[in-house]
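Read-outs throughout are calculated quantities, based only on the coordinates presented, and are distinct from any laboratory measurement. Since this is a predicted model, take the numbers as computed values, not measurements. A quick note on method: Cβ atoms are made from the backbone with ideal geometry, for glycine too, and the neighbour counts reach across all protein chains shown.
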């Protein structure tokens, strides 16, 4: 298998030997003069003042902590209280993925170790301009539009060209990202050497991918890599998602 894609990193190995043999596979006071008080008005004021005093006395009694038994009339069942608030269940929602990863990206450098010929060791290929989308629900998309990886072998130019897209699932910590599965692949790769087109191979779904890569994400840039010879540098684009 061939390491080239962020979503598997493994392209199908070219099924042609170096010798050419094919092999299957976001308050104003009023200005009005005051009238002199009349007896009726004086009486009303006296009644009102008495009411205020009585109310103040009752309030004082009701708030007295030393005589709680005087808060209620004789024979009453006691003060009415409202229902106790219900206890809210503890939140169990999991934390979302790292914010920095969410959004759309474009690769400006990619290095892959790929076994191009069936009878030769893996070779280093370089490419750019692959595009990615990482969504907060743990899904993502890889987009290849004439995505080209190039290398040289014994003075001869080797080339792999990819067209199509891959849907994948992912999860991440602060420094590692796991590509859980390839859920829908509509992607083909074409293999070329000095003789021309050697083969065209489809990229297959992989429900058990589980590829783990190390990454560093800071604002508008991200770098990713693993121990299998893969390394890439990405820049954020305005195609999708959360930026910053």
**Asked** Restricting to strands (runs of 3 or more DSSP E) lying wholly in region 203-244: which have 2 or more residues that are closer than 15 Å to residue 168 by Cβ?
**Response** 211-218
**Message:** With the structure loaded, tell me whether residue 133 is assigned to a strand (DSSP E or B) and either under 18 Å from the mean Cα position of the chain (by Cα) or at positive phi (or both) or whether it fails that test.
**Reply:** yes
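Name the one entry in 197, 187 that is part of a strand (DSSP E or B), touching a strand residue (DSSP E or B) at 6+ places or on another chain (Cβ under 9 Å) and crowded, with 19+ Cβ neighbours inside 10 Å.
None of the other options fit; the residue is 187.
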